[in-house]
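Data first, discussion second: the structure below is written as structure tokens.
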Amino acid sequence: MASVAPQHQRVLSGMRPTGALHLGHYHGVLKNWLRLQQEYESFFFVADWHALTTHYDEPGVIADNVWEMVIDWLAAGINPGLARMFVQSRVPEHAELHLLLSMFTPLGWLERVPTYKEQQERLQDRDLSTYGFLGYPLLQAADILIYKAGFVPVGEDQVAHVELTREVARRFNHLYGREPDFAEKAEAAVKHMGKKAGHLYQELRRRYQEQGDGEALEKARALLEAQQSLSLGDRERLYGYLEGGGKVILPEPQALLTPASKMPGLDGQKMSKSYGNAISLREDPASVTRKLRTMPTDPARVRRTDPGDPAKCPVWQFHEIYSSEEVKGWVQQGCRSAGIGCLECKQPVVDAVLAELAPIQERAQEYRARPETVRAIVAEGCEEARAVARETLDEVRHAMGLAYR
Ligand code: TRP
Ligand code: SF4
């Protein structure tokens, strides 16, 4: 992760509020967020405007899911003391940045985003030939750039959107990061660092530009980071000057690819609410037990005495996530020899899933009983997010010549 400057080591990610979260989300996305919140300044938001791009005719569904989703995050262990949680539409700065970015984003860039055509085909029952739907990856770019986030944890399907964000940032910096007297201003900024630090900066810059010394680049960035007395503008000039370009106003983010969730659905396909094969985080224990006990097994095991093959059984995939080596050995041996029955085989999985869900459900219950606490957490997150967003937007307005207020 060396190529993100230290002050941009912020994590940002969003989720659409379109339904109850399930074990697939937990093992795929949320566990990743839990780790990231420990390591980085993290912002997680409810992408309600994004949900409107596809569900504009069912706004009620979105409203219902906003708070429930935040409760699911909290229940899964997202810690308001570590991470900020907020709602996109309550930080209207995203919309202004989206508008400004739209001025110089070529239409072709949006038409070529792979999800654009794919989703239109997949969601045939919805009319997605709207302006908002075409523009949604650009809204996502605004979501990311407004926080100058360096890292964006996303699944495979969203990587193209982060890539678009990088292109948009690059184009922005190219168009608006060039001040006519950039080099002079940068040299003046070096002087503001003081003699010793300024000298070191120049030396590191030379080593990077002449010899492509990446370590020198890292050191120079760390040096800038440590300069307390630099103004924001000078700091950005010096970051840009290091790499030879203009001012880096909007840094390019990196996608942090969420490893594909190994969590299968009850039928062995990807777990998804729309496939009807999901176990939601709030599912009551009786229902979880029933779903697991009735899930399909190796079709070759028609009778209890027929031997089976775990490789052909979705239950085995659950054992791979939840069971110890010892239990897995017991399954392999018992299944192939018809030594154990399928219900017997499923029991350790039932126990493990229930044990995983119990503390999550307990926390969800606590938060549900205190809606004002959840609202306060989000209100605070929105305020903190807005403070950062306003600062970026101010710089963007200046750079685009809109500072006459
Ligand atoms: N588009 C993402 C999804 O459908 C959600 C999202 C919106 C997002 N804005 C974002 C994810 C910014 C990461 C960063 O899942
Ligand atoms: Fe699947 Fe276990 Fe039955 Fe084998 S014994 S078919 S692994 S449920």
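The values are calculated or read from the model by the stated rules, or taken from the named source; none is laboratory data. Everything quoted here is computed from the prediction, not taken from an experiment. Backbone-built Cβ (ideal geometry, glycine too); neighbour counts: all protein chains shown.
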Legend entry - Odd one out for LEU354, checked against (1) under 30 Å from ASP143 (Cβ atoms); (2) outside the structural domain of ALA149 (by TED's automatic domain parsing): (1)
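Given the structure, is ASP234 surrounded by 12 or more Cβ atoms within 10 Å (Cβ to Cβ) and charged (D, E, K, R)? Walk me through it before giving the result.
Values: surrounded by 12 or more Cβ atoms within 10 Å (Cβ to Cβ): yes; charged (D, E, K, R): yes.
It is true that ASP234 is surrounded by 12 or more Cβ atoms within 10 Å (Cβ to Cβ) and charged (D, E, K, R).
Within the stretch 326-345, is there a residue that is under 30 Å from PHE86 (Cβ atoms) and outside the structural domain of ALA20 (by TED's automatic domain parsing)? Quick ask: steps written out before the conclusion?
Filtering the stretch 326-345 down to residues under 30 Å from PHE86 (Cβ atoms) leaves none.
Looking through the stretch 326-345, none of the residues is under 30 Å from PHE86 (Cβ atoms) and outside the structural domain of ALA20 (by TED's automatic domain parsing).
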Legend entry - Residues of the stretch 300-354 classified as under 38 Å from the mean Cα position of the chain (by Cα) and surrounded by fewer than 17 Cβ atoms within 10 Å (Cβ to Cβ), total: 16
Inset, instruction - Say whether the condition of being in the same structural domain as LEU101 (by TED's automatic domain parsing) and more than 16 Å from ligand 1 (Cβ to nearest atom) is met by at least one residue in the stretch 138-150. - result: no
Inset, instruction - Residue by residue through the stretch 355-378, note down the ones that are surrounded by 13 or more Cβ atoms within 10 Å (Cβ to Cβ) and of a type in the set (A, V, I, L, M, F, W, C). - result: LEU357, ILE360, ALA364, VAL374, ILE377, VAL378
Legend entry - Evaluation of GLY381 against (1) buried (at least 18 other Cβ atoms within 10 Å of the Cβ); (2) within 16 Å of ligand 2 (Cβ to nearest atom) (one fails), failing number: (2)
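Every residue, every condition in (1) polar (S, T, N, Q); (2) within 16 Å of ligand 2 (Cβ to nearest atom); (3) under 18 Å from GLY381 (Cβ atoms), yes or no:
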| position | (1), (2), (3) |
| --- | --- |
| GLN9 | yes, no, no |
| GLY19 | no, no, no |
| HIS22 | no, no, no |
| GLU41 | no, no, yes |
| GLU68 | no, no, yes |
